[in-house]
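Only the coordinates and a few stated rules stand behind these numbers; no lab work does. Only a predicted model underlies this, so the values are computations on that prediction, with no experimental measurement involved.
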Amino acid sequence: MEVRISRDIFLESVQKVQGIVETKGAMPILSHLLIRAEKEGITIEATDLEIGTRATYPANVVSEGAVTLNARKLFDILRELPDLEIHMVKEDNDWVTLKCGNSKFRLPGLPAADFPALPEYNSESLMEFSSAQLREMIRKTFFSVSPDESRQALNGLLLENENGKANLVATDGHRLACITRPLLKSSLPEGEKLSILLPKKAISELLKLMEDDDSTFSFSIQGNHLAFIQGPQIIVSRKIDGKFPNYRQVIPPDNHLKIKIDRDILSHALRRVSLLADEKSKMVRFDIQKGNLTLVSDNSDFGAAREEFAINYEGEDVSIGLNAKYVLDILNVTEDQEVILNLKDQNHSCMITVENDSDYLGIVMPMRI
């Protein structure tokens, strides 16, 4: 095996898969990358047995072959090399020589035959997204995924395909984010509905592939595995087994109090007041009156904070306690200058929406004042 490849291309390809590599597992080969030299270029694979990825990159292949190399060591070396062509040669004993400029490295590999194969996947697309659209959907929901790995059904995102549209939903039981966007293509028969739980790690790795806004991502399912395919790049992952909560029951139908607020003013004020909020609960009290909003935090250890500003509101008075971080997470992914707090009373959830996008919402559960 002998390959000549651009240092930048090689570095980028190895960097993208660092999050998948199993660094401390029982199988040493899972800390390696499979590098295969073929006519069209080099193909790089990584897996932790739960999620795997394969991508092909342009290279001048002098002779074909395959080897596995330690992912972290290879990345560290490529990061320090100059921006010159890299000459990679595999020896008969699975050792590999890398030359770049005046630098030369000799690295031990493991037999390529021992590298676990990626699961079989279906190349026929169930639905297709534009890269920009899928990135937006993930960005506006991912923060609500539960970090508690024992709650498996909440440790991922729910993807639904219904009537030519995709819904992406995440919740940790205290907040929820939901977005709906039209698909570029759906092969689901009319009237049918598909619901799949996507693992958080697979979505994190998927984001690393989204560089070209004009590219298309295809999604397919085969058995217990799902696949995201973009040109020569693929991510294959196990589905999450579990039942996602009925999120539609959580969306409040009658939050009749609507408070319009400038997003930037609310964000900055909330950040300031939350500095003295209880460190565990992050609770800030929202006191809303005609034409006025007061944010209040009170912490027996650090003190209290209060900020008041004018708002466009003519409804009845209401006070509600909300986790400041949860509210800020929603505000941070909202592009509209004005947001709407949809409230009922202090005992019901706050739904945050915008006027120009009825297909996105965030919900924050109330806290006891």
### Query
In whole Å and largest first, what semi-axes does the C-alpha gyration tensor of the range 251-364 yield when each eigenvalue is scaled by 5 and square-rooted?
22, 15, 14
### Task
Report P(r) for the chain: all Cα-Cα distances, bin width 20 Å, range 0 to the bin holding the largest distance, values in whole percent.
26, 44, 26, 4
### Query
Hey, got the Cα dimensions of the range 1-157 along the principal axes, in Å, largest first?
49, 36, 33
### Message
For the range 195-278, take the convex hull of the Cα atoms, compute a quarter of its surface area, and give me that in nm², please.
### Response
10.2
### Task
Apply the Debye scattering formula to the range 242-306, with a single equal point scatterer on each alpha-carbon and no solvent, then give log10 I(q)/I(0) at q = 0.12, 0.17, 0.20 Å⁻¹.
-0.47, -0.77, -0.88
### Task
Once you have the Kirkwood Rh of the range 143-224 from its Cα pairs, apply Stokes-Einstein at 4 °C and 1.567 mPa s and quote D in µm²/s.
92
#### Entry: Convex hull of Cα atoms in the range 58-146, direction-averaged projection (nm²)
10.1
### Cα centroid separation, the range 281-332 to the range 122-151 (Å)
31
### Task
Just need the relative contact order of the range 127-248 here, percent rounded to a whole number, with Cα pairs under 8 Å and 6+ apart.
29
### Candidates Ser215, Ser13, Ser150, ranked by Gaussian network fluctuation over the chain, Cα under 10 Å, top entry
Ser150
#### Entry: Gyration tensor (Cα) of the range 1-58, equivalent ellipsoid semi-axes in angstrom
22, 11, 10
### Query
Out of every Cα pair in the range 98-205, what percent are spaced more than 22 Å from each other?
49
### Message
Test of understanding: in a Gaussian network model of the chain with alpha carbons linked when under 10 Å, which of Gly303, Gly52, Gly231 would top the mean-square fluctuation ranking?
### Response
Gly303
### Query
Taking a threshold of 28 Å on the Cα-Cα distance, which of the pairs Lys24/Lys243; Lys73/Lys201; Lys239/Lys260; Lys208/Lys258; Lys200/Lys260; Lys39/Lys99 fall above it?
Lys24/Lys243; Lys239/Lys260; Lys208/Lys258; Lys200/Lys260
### Task
Report the residue, chosen from Val273, Val145, Val169, that carries the largest GNM mean-square fluctuation when the chain is represented by alpha-carbon nodes joined by springs under 10 Å.
Val273
